[in-house]
Structure formats: structure tokens, C-alpha cells
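Report on one structure; see the data block that follows.
The values are calculated or read from the model by the stated rules, or taken from the named source; none is laboratory data. Just so it is clear, the structure is predicted and the values come from calculations on it, not from any experiment. Note that each Cβ is placed from the backbone with ideal geometry, even for glycine, and that neighbours are counted across all protein chains shown.
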Amino acid sequence: MSTTVTVREEGPPAVAPTPTVASHARDYWRRVRGGDIGALPAIFGLLVLCTVFAVLRPSFFTAGNFANLFAQGAAVTLIAMGLVFVLLLGEIDLSAGFASGVCAAILANFVTVLGYPWYVAVLAAIATGVLIGLVLGSLVAKVGIPSFVVTLAAFLAFQGIVLVLISGGSNIAIRDPVLVAIANRNLPPLLGWLLAALAVGGYAAVQVLRYRNRMARGLVTDPLTVVVGRIGLLALILGTAVFILNLERSRNVLIVSLKGVPIVVPIVAALLVLWTFVLRRTAYGRHIYAVGGNREAARRAGINVDRIRISVFVICSGMAAIGGIVAASRANSVDPNTGGSKVLLYAVGAAVIGGTSLFGGKGRVLDAVLGGAVVAVIDNGMGLMGYSSGITYMVTGLVLLLAASVDALSRRRAAATGNR
């Protein structure tokens, strides 16, 4: 008896259909309606605030004030970047503000009192931040003390440490030209254009490479028009910003010329790219989201949860140290208020306003930048309008409460629609 064997010829792998711009827009709107609103509230709020302040105070949109916004919000934004990592796990670090003050005091002592070179002082400050994060993270992960309690205790203790480091209540001046330049000097105009071109070119290369790789593997990808649109939007934003910052801002050009991108801007941008890459393109970043989404499931999947929890506190305090260095540079000194007052509240507010969830598992480093911009615009605009600090605090608090409410409502919506 003969047996007939049928051989099925396999064709090429199925290719996912390329979505159109219309289908991409419908899919995006569907995600928004399902609770995945991302940074939309922060972007919308930023546009509204800028419009209101520009109308009420035309001086808000001058080149000088535009540059001041970057210097004014840089330290808070850097601290908020570190807080994003902690918030992604559903934890909190209430000591980040005064941790930046401790690190700034270490910097000032090394460079001014002890006479070490600026790079030794910077390394000492960052090392102090890493050590602080290691201690806090170990107490949370290994000892099992809630992060709220640990960091609240550190918040109180670090205030005392700052006082001890700066001899009870004086202040330590910082005169090193390199450190002072970080938050007070500008890049040459041509260098600003070159960095903007490199940023756009690098982003374009990443976007196009990602598009080609996904097309080659038959995966669903964004329409090419959308990809090109993103690149064009970034080029427009950076080009406009560099153009404005390269305008002469000095009131007396004969005495001093004041133009160019502030040096602190590429520092913030470089750290944004670094930490975005870590979160989105590394296994470590995926582990952070996994632990923040479901700690027990992550543990059963083989992730070292304790190590992840400790590491985010190290990153948070390390970024607080960098924020403290920028704050010390901007003030040209360190005093008992460095890292205190509104710094922590603004940093936490920046992360949450930008779109990072207080419940963990949702957020990006870009959120800290967007939220930091919102906080800086409120602080700056209210100051230009002559309002007191009390009114500014109330407005910032209301914006933070609104952002937290939007986060809670979007999570409820996502759970109801099955998009969580």
C-alpha cells in the first residue's frame, strides 16, 4: 500500500501591514481614550502657561528670560530625573533635596576649603550621593523599612549634616571658574548650532534605523510620514531654541556680550539621553518597569528585586548630587538652604506633573524634563507678574494636585478598558 505525503511549500514570512497616518492617529486616540495619556497634560499645561504669561507679561518671551528659565529649572530637573527611577517602583525619596545639599557642601569644602581641583571635588560630591543612595536603598530593600520612613529620617538628618559641613550657618563661596561656568556661562553660538545639528542627526539615525529594522522583520511600525514628522518637529524646536538663545541678551554690549546656549543645557540633554537609553533599551530598564508593575511576578521571573530597589536609590541620590553641583554653581556658593526650601517639593512635582505615576510602573525620564519646565515656567512667570512666594506655592501645589488626579483617573480608565 502506497502512502502519499503532501509537502506544503512555505512562503516568505508574513509581512505586517504598514499603518497609514490615519490609522496611526486612530490607534493613538484609542490609547488616549483608554487611559494612556502619557505626557499630554504636561505639554498642554506648558503651552497654556507660556501663552498666558506671554500675554500678561511680554517680557516673559524675551531671549534673556528664555535663557534664565533653563538655569532656573536645571537643578530641580536633574533631581527629578533621579526621582523618576524611584517613583517607577512605587517608592519615594523625601531626602533627595537635602541630599543634593550635602553633596554640594562636600563639593564646596573640597574645592574651596581644602583646595582640591574642581574635578576631584565633583567626583567627591557624586561619590557621596552614590553612598547615600546605597545606604537608603539597603535600608529599604534589605531591612524592610518603608521608603517614606527611611527618607523622612534622612531628610531631617541631612539638614543637620549640611549645617555641620558649612560650620553651623555660614556659607562657602565657590570661585573655581569651571564650576561657576556650569550654570552661569554660555556656549559659543556656533557650538550651539553644531550640538543641535548633532542631536537632530543622531535622533534621525535612530528613528530611521528602527523603522528599517522593524520593516525588515515584518513588525508593525509607525508610518514613515510620522517618523519624518518627529524628526522635523525636533529640528524645529531645537533650531528655534538655539536661534533665540544666540540672540544678544546683554543690556550693554560694550561691557560684556551675553549670548549662546547655557552650558547646563547640553549637560541636562546628555543625561536625558543616557537615562532614556538605560530605561528603554537595556534589560536593567525592563527589570525596573517589571518590578514597578508587579514586584512578586518580577521575583518569580528571576529578577533580583532587592538589587533593583537599591540601584534606583543610588541613581536618585547620584542625580541629586549632580543637581546640587548645578545649584551651587548657579548661586556661586553653598549655604544651609542649599537643597532645602522648595527644592524637594518642586522635584517631586516635576516628575509627577510630567507624567510619572506615583503608583509605580509608568514613567519616563523625559517626564522630569517636561515637568521641570512646567515648574520653572510657573515660578518664573509668577515672579514676573509680581506675585508673592505664597501665591506661587499655591499655584504649583494646585498644578501638582491636578497632575496626580489625572494620573489616578487615567489608571482607573486604563483598568476599566483593559489597557493596564
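With respect to being among the aliphatic types (A, V, I, L, M) and either modelled with pLDDT under 80 or assigned to a loop (DSSP other than H, G, I, E, B) (or both), Leu400 fits the description. Residues in region 209-223 that are part of a helix (DSSP H, G or I), aliphatic (A, V, I, L, M) and under 19 Å from Thr20 (Cβ atoms): Met215 only.
Quick check on Pro266: is it modelled with pLDDT of 90 or more and touching a strand residue (DSSP E or B) at 6+ places or on another chain (Cβ under 7 Å)?
On the way: modelled with pLDDT of 90 or more: yes; touching a strand residue (DSSP E or B) at 6+ places or on another chain (Cβ under 7 Å): no.
Spelling it out, it is not the case that Pro266 is modelled with pLDDT of 90 or more and touching a strand residue (DSSP E or B) at 6+ places or on another chain (Cβ under 7 Å).
Scan region 97-107 and give yes if some residue there is farther than 21 Å from Val164 by Cα and either of a type outside the set (Phe, Trp, Tyr) or in the same structural domain as Ile244 (by TED's automatic domain parsing) (or both), otherwise no. There is no residue in region 97-107 that is farther than 21 Å from Val164 by Cα and either of a type outside the set (Phe, Trp, Tyr) or in the same structural domain as Ile244 (by TED's automatic domain parsing) (or both). Does Gly386 fit the bill of being of a type outside the set (Val, Ile, Thr), at pLDDT below 85, surrounded by fewer than 17 Cβ atoms within 10 Å (Cβ to Cβ) and not in a helix (DSSP H, G or I)? So Gly386 passes the test. Condition test on Asp407, is it among the charged types (D, E, K, R), within 23 Å of the chain's Cα centre (by Cα) and modelled with pLDDT of 80 or more? Here the answer is no, as Asp407 does not meet what is asked. When Ala320 is tested against the conditions (1) assigned to a helix (DSSP H, G or I); (2) surrounded by fewer than 23 Cβ atoms within 10 Å (Cβ to Cβ), the lone failure is (2).
Residues checked against (1) under 28 Å from Ile106 (Cβ atoms); (2) of a type in the set (A, V, I, L, M, F, W, C); (3) surrounded by 15 or more Cβ atoms within 10 Å (Cβ to Cβ); (4) assigned by TED's automatic domain parsing to the domain that holds Ile145:
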{"residue": "Thr282", "(1), (2), (3), (4)": "no, no, no, no"}
{"residue": "Gly293", "(1), (2), (3), (4)": "no, no, yes, yes"}
{"residue": "Gly302", "(1), (2), (3), (4)": "no, no, no, yes"}
{"residue": "Val305", "(1), (2), (3), (4)": "no, yes, yes, yes"}
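Among the residues of region 184-211, the one identified as farther than 16 Å from Asn246 by Cβ, of a type in the set (A, V, I, L, M, F, W, C), surrounded by 13 or more Cβ atoms within 10 Å (Cβ to Cβ) and over 22 Å from the mean Cα position of the chain (by Cα) is Val208.
Among the residues of region 72-95, not a single one is over 27 Å from Leu398 (Cβ atoms) and of a type in the set (Gly, Ala, Ser).
Can you find, within region 128-169, the residue that is nearest to Leu344 (Cα to Cα) among those that are outside any helix (DSSP H, G or I) and of a type outside the set (S, T, N, Q)? Full working, then the answer.
Step one: of region 128-169, the residues outside any helix (DSSP H, G or I) are 144-146, 166-169.
Applying the additional criterion that residues be of a type outside the set (S, T, N, Q) yields 144-146, 166, 168-169.
Values: Gly144: 24, Ile145: 21, Pro146: 19, Ile166: 20, Gly168: 22, Gly169: 21 Å.
Per the criteria, the residue is Pro146.
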